[in-house]
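Asker: Structure below; questions to follow.
The values are calculated or read from the model by the stated rules, or taken from the named source; none is laboratory data. Being a predicted model, the structure only gives us computed values, none of them experimental. Cβ: placed from backbone, ideal geometry, glycine included. Neighbour counts: every protein chain shown. To get the accessible areas, we keep the full protein, side chains included, count just its heavy atoms, and leave off ligands, DNA and RNA. Shrake-Rupley method; radii C 1.70, N 1.55, O 1.52, S 1.80 Å.
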Amino acid sequence: QVQLVESGGGLVQAGGSLRLSCTASRSISSINAMGWYRQNPGKQRELVATITGGGSTKYADSVKGRFTISRDNAKNTVDLQMSSLEPEDTAVYYCNAKLMLSEYWGQGTQVTVSS
């Protein structure tokens, strides 16, 4: 099992930047797939970005060129650097880890982008 704790959310003006961090309760070196998802009320949770143990990344089309995902196996963290934020990026952002046949989620952190 693994517990995930997100931090770094908040309120920012459009065009601004935020950095989200996800800290795992155990070593992530053996967790191949980790990522960030987001969700708004009444909508499905959607993928934002994922990163494999080998460093391969995948991004939603809506965030390509603006967001960067990274992982630090030594610190057991996965970060999401968000730039050029838009009001449409407003959501609760969740950290995700896929380990063996199980999937784990953090509690989420709110990101609000004002216009």
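Asker: Step through the residues of the stretch 71-86 one at a time and calculate ³J(HN,Hα) from phi using the Karplus curve (6.51 cos²θ - 1.76 cosθ + 1.60, θ = phi - 60°), rounding each to whole Hz and writing x for Gly and Pro.
Answerer: 9, 10, 5, 6, 9, 6, 10, 10, 10, 10, 8, 10, 10, 6, 5, 10
Asker: With a 1.4 Å probe and all protein chains left in place, how much accessible area per residue does the chain have, in Å²?
Answerer: On the way: 6000 Å² over 115 residues.
Here the per-residue accessible area is 52 Å².
Asker: Taking 0.36 nm per residue of sequence separation and subtracting the Cα-Cα distance, how much length would be gained by fully extending the chain between N32 and S115, in nm to one decimal? Please list the in-between numbers first.
Answerer: Working: separation 83, 0.36 × 83 = 29.88 nm, distance 3.67 nm.
Contour length minus the Cα-Cα distance gives 26.2 nm.
Asker: Give the calculated FRET efficiency between V5 and D61 to the nearest 0.05, with a Förster radius of 35 Å applied to their Cβ-Cβ distance. Mind dumping the intermediate values first?
Answerer: Details: r = 28 Å, r/R0 = 0.81.
Approximately 0.80, to the nearest 0.05.
Asker: Do any trypsin sites (Lys or Arg not before Pro) in the stretch 32-101 lie in a DSSP loop with no more than 16 other beta carbon atoms within 10 Å, and if so, which? Kindly include the intermediate steps, with their values, before the conclusion.
Answerer: Details: sites: R38, K43, R45, K58, K64, R66, R71, K75, K98; in loops: K43, R45, K64, R66, K75.
Filter output for the stretch 32-101: K43, R45, K64, R66, K75.
Asker: Then there is this: Distance from the Cα centre of the stretch 1-26 to that of the stretch 60-112, in angstrom?
Answerer: If you average the Cα positions of each part, the centres end up 7 Å apart.
Asker: Would you list the P(r) distribution for the chain, with all Cα-Cα distances sorted into 10 Å bins from 0 and each bin expressed as a whole %?
Answerer: The percentages, shortest bin first, are 15, 50, 29, 6, 0.
Asker: Could you work out the Kirkwood radius for the stretch 1-66, taking every pair of different alpha carbons, averaging 1/r and inverting it, reported in Å? Don't skip to the answer; put the middle values down first.
Answerer: Numbers: mean 1/r = 0.0728 Å⁻¹.
For the stretch 1-66, the Kirkwood estimate is 13.7 Å.
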